[in-house]
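J.: The structure follows.
What follows draws every value from the coordinates through simple rules; no lab data is involved. Note that this is a predicted model, so its numbers are computed, not measured. Quick reminder, even Gly has a Cβ in these numbers, built from the backbone with ideal geometry, and neighbours come from all protein chains shown.
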Amino acid sequence: MSDRIKIIVLFSALVFAISLVGQRPSAIRIGTKVPADVKRIYERGLNYLAQNQDETGSWGGQRSSSNQNGIISLCLLALVASGEDPNYGRYQAQVGRATRLLLMAQDVDTGYFGSSMYNHGFSMLALAELYGAVDDDLLWSKTPKEKRGHSIGKALELAVRCALTSQDQNPYGAWRYSPEAKDADTSAAGAVLVGLLAAKNAGIEVPDKNIQRAFDYFTGMTTKTGYVNYSGPSMFGDSIARSSVTTLILSIGKRKDSKEYEQAAKYLRDNLNSPISGSWKLYTPYYMAQALFQSNYDAWKKWNDTKVALVKGKQNDDGSFDGTYGKAYGTSMSLLALALNYRFLPIYER
């Protein structure tokens, strides 16, 4: 057999071997073609965010809101989740303004993004996803050196230190509304822990003992039936949102071998069609999408198909979505519930 024929045979064998690799793992990792409805919803939503951001980097009159940092962070995540280049893409100006505003809002001594640990957690998550993607030199290129904030990496390190200091002084090894809190709940703690896991994934040092202590809190709050208590035994009963948060953190934290993960994930699968109302109607799908994707791809696909139709029907004529904390919050959370169709953010890796 000539060398040329050998090469052809080997190449053919390689192509055949690659063809035997299942399509689903690749689809799970990088996605398939984004549905046209998702693209349309997302483009209209991003256009609303782009058109309604003010020159300071804030949205919708939220500058005086106690939730400003959290809303800015969620909008930032929505802007970069579809794969637009944050440095040169269509929304580079909006990403730049919001990132600078967020960095300048951080307490330079404590690293805290007030005014609650919810906002701090979302801010950590946004910075972790921007870290390495946004060019710090471009970000501050038009700002005098004496007026510049920290680099994204430095701000993320400070934010992580703040979260760890808060946890170390918390008797439950978790978090609640303020850094000084001596109690904890699985909702606020979930926002902080996802931020810490994203920071760790981005290369920021987060001690394993702190991660494990937080996991211990969540597994201790998970019942045999799979629902997760809020801040104590039998507190508030079952919650799809809290079971979603727990499934998500145990998934991305590589704890899928735990019985608590199985319990929470099963509860989530068994309650896919349960109605969601009240102030949780955007918060719950935001976490459900990620939890289902991480735990059961087929269940996520089925849920996603239904969710796309629901979201499409709730989008306003201007591309926005209504929300408890205003349209910027409603729009960013609605878009992020669909962002796994794009699969660009590192936190979405499976």
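J.: Nearest 500 deg cm²/dmol is fine: what mean residue ellipticity at 222 nm does the chain get from its DSSP H runs of n ≥ 4 alone, each adding -39,500 (n - 2.57), divided by its residue count?
T.: Here the helix-only value at 222 nm equals -18500 deg cm²/dmol.
J.: Once phi is turned into ³J(HN,Hα) by the Karplus curve 6.51 cos²θ - 1.76 cosθ + 1.60 with θ = phi - 60°, what whole-Hz value does each residue of the range 65-70 show in order, with x for glycine and proline?
T.: 3J(HN,Hα) across the range 65-70, in whole Hz: 6, 5, 9, 4, 5, x.
J.: Can you pull the Kirkwood radius for the range 92-156, inverse mean 1/r over Cα pairs, to one decimal in Å?
T.: Evaluated over the range 92-156, this radius sits at 12.0 Å.
J.: Another question about this same structure. By count of other Cβ within 10 Å, fewest leading, how are S295, S151, S274, S334 ordered?
T.: Final ranking by Cβ density, sparse to dense: S274, S151, S295, S334.
J.: Sticking with this one: Rounded to the nearest 20 debye, what is the charge dipole size of the chain about its Cα centre when +1 sits on each Lys and Arg Cβ and -1 on each Asp and Glu Cβ?
T.: The calculation lands at about 840 debye.
J.: For Cα Rg over 2.2 N^0.38 Å, which listed value, (i) 1.03; (ii) 0.91; (iii) 0.99, comes from the coordinates shown?
T.: Derived directly from the coordinates: (i).
J.: Exposed loop GluC sites (Glu not before Pro) only (DSSP loop, at most 13 other Cβ atoms within 10 Å): please give the longest stretch of the chain free of them, not including the sites.
T.: The longest such stretch corresponds to 206-348.
J.: Under a point-charge model restricted to the Cβ atoms of Lys and Arg (+1) and Asp and Glu (-1), what is the dipole moment magnitude of the range 169-286 relative to its Cα centre, in debye to the nearest 20?
T.: For this selection, approximately 180 debye.
J.: Could I ask something else about it? For F344 and K266, compute 0.36 nm times the residue count separating them, minus their Cα-Cα distance, and round to one decimal in nm.
T.: 25.4 nm
J.: Near Y118, within a Cβ-to-Cβ distance under 13 Å, what is the net charge of the other residues, with Lys and Arg +1 and Asp and Glu -1?
T.: Residues near Y118 contribute 0 overall.
J.: In nm, to one decimal, how far is the M104 label point from the K302 one, both placed 7 Å along Cα→Cβ?
T.: In this crude label model, M104 to K302 measures out at 5.0 nm.
J.: Also, quick follow-up: For a protection proxy built on the mean count of beta-carbon atoms within 10 angstrom, sort 243-252, 112-121 highest first, please.
T.: Highest mean packing first, the order is 243-252, 112-121.
J.: Let me check against my output: what whole-number percent is the relative contact order of the chain, with C-alpha pairs under 8 Å and at least 6 apart?
T.: 20
J.: Further, regarding this structure: Using the charge dipole of the range 39-342 (Lys, Arg: +1 at Cβ; Asp, Glu: -1 at Cβ; taken about the Cα centre), state which of A199, Q68, T246 has its Cα farthest towards the positive end.
T.: T246
J.: May I ask you to compute the full-extension gain from S258 to N87, defined as 0.36 nm times their residue separation minus their alpha-carbon distance, rounded to one decimal in nm?
T.: 57.5 nm
J.: At a Förster radius of 51 Å, what calculated FRET efficiency corresponds to the Cβ-Cβ distance of E205 and K33, to the nearest 0.05?
T.: So, using R0 = 51 Å, E works out to roughly 0.85.
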